[in-house]
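Some notes on the structure that comes next.
Read-outs throughout are calculated quantities, based only on the coordinates presented, and are distinct from any laboratory measurement. Since this is a predicted model, take the numbers as computed values, not measurements. Glycine also receives a Cβ, built like all others from the backbone with ideal geometry; neighbour counts cover every protein chain displayed.
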Amino acid sequence: MERVNEPLLGGDSRTRNNPILNSVMLGCAMFFILFFNIATPNTLSSDVEGIFIYLVYIAAILGAPLIITRIREKLSMLISIIIFFITFLIFIYASSADLVSVILSPFALELLWISVGSFIFYISDKSNIGLNFGIFFSVYELLQGLFFLTLNDVQINNSTGFIIMFIIFFIVGILLILFLGNPSRIRGDGLGSDLVEELISPFKVMFDLKFLFIIPSIIFIGFSSEFGITGVANVNQYVYFGTNLVVSSLTPVIVGFLFDRLKKMFVVIILLIMGILAIITSHIFVYDSDEDQNHTSYYYVAAVTYTILKCGLTVFVYALVGYLYQKKPLPSNAAIQFIFVTGLVLAFIFSYFISNFYVGFYVLTALLVIACILLLYLTKKHDL
């Protein structure tokens, strides 16, 4: 396992452990790996099944750090991509076994995200953690946006061409992971000394006073992943996706750079301004039924500012947690995933039982306001 965790083809350790290079490769690898998960739809949609999936996610989040601390991040990523590839093959050739995919996919997803987040913690310090996370998310968003902009109308099927493409993605993802450097683990992983302490270590982070102020932001990110505030407009889809591609791929690296260079409070203020603009323009568009050019422009403004808010806040949260809990990479990343999945579940419950856009609009707005106020308080109180 030690050999697997070493960089493929050896090479100068300073070059192979360059944080920017590793962040770029991680962003590329994440796209190729998660494509299998994106291409494999989840067929379970009832409330009972949704709760079951949530429990699977929680079990995966608690179990992933135990695995990663023993086999390290790179091998954990390799296991994730193999599981995703298996679930994709099940979807293509054995759709009757979807339940297996439903159980395996959450485990692979959480193992991947926690190992990637922990890896970026290890290659970063307080002076560059924002930029490293920004580069990672920018590369991932860019590749994902380019792919779906190019193949927007193509349906996933079991044709030979698609299978070959998936095999290529599988191989490229593995190679990118193997080419990653082998960062120093001198800071430790932040888990306890026995099994019980390892299991409860994410909860210790979650109930830390500083982390409590970050929780509403993570819930907002999770909730907004399933519920948007911009509504639906009859606009040119290529213009919309193209604009969204540019914004979503530039925002993370810019916010990450600002995180490292400015007072954290100023970055929160910038994101809050974007959120206010998104809320105001969305409100104007959604509450006016006319579809003239003027109101369509409101939709574009709302979509752009909302994308900046979501992408920027995601980078800010990961970077801030890394800044505050750099010596606890595994439990802090597990804590992020636990709260994020909770936000997803809240959005699922809301859409399943309430299913009212206007109520959701105000819930998301309230979450945003609370999140930004608490982040402002945290960054100001601790002079971050």
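General remarks:
- Extension gain, LYS126-ILE20: 0.36 nm per intervening residue step, less the Cα-Cα distance, totals 36.7 nm.
- A straight chain from ILE280 to PHE241 at 0.36 nm per residue would run longer than the Cα-Cα distance by 11.9 nm.
- Efficiency of FRET between ARG70 and LEU175 - r from beta-carbon atoms, R0 22 angstrom, step 0.05: 0.35
- Exceeding the 20 Å Cα-Cα cut-off - candidates LYS210/LYS264; LYS204/LYS310; LYS126/LYS204; LYS210/LYS263; LYS263/LYS328; LYS310/LYS380: LYS204/LYS310; LYS126/LYS204; LYS263/LYS328; LYS310/LYS380
- Label point distance in nm, TYR377-LEU55, each placed 7 Å from Cα along Cα→Cβ: 3.5 nm
- Here the spin labels are modelled as points 7 Å beyond Cα on the Cα-Cβ line, and at GLU197 and ILE82 they lie 3.1 nm apart.
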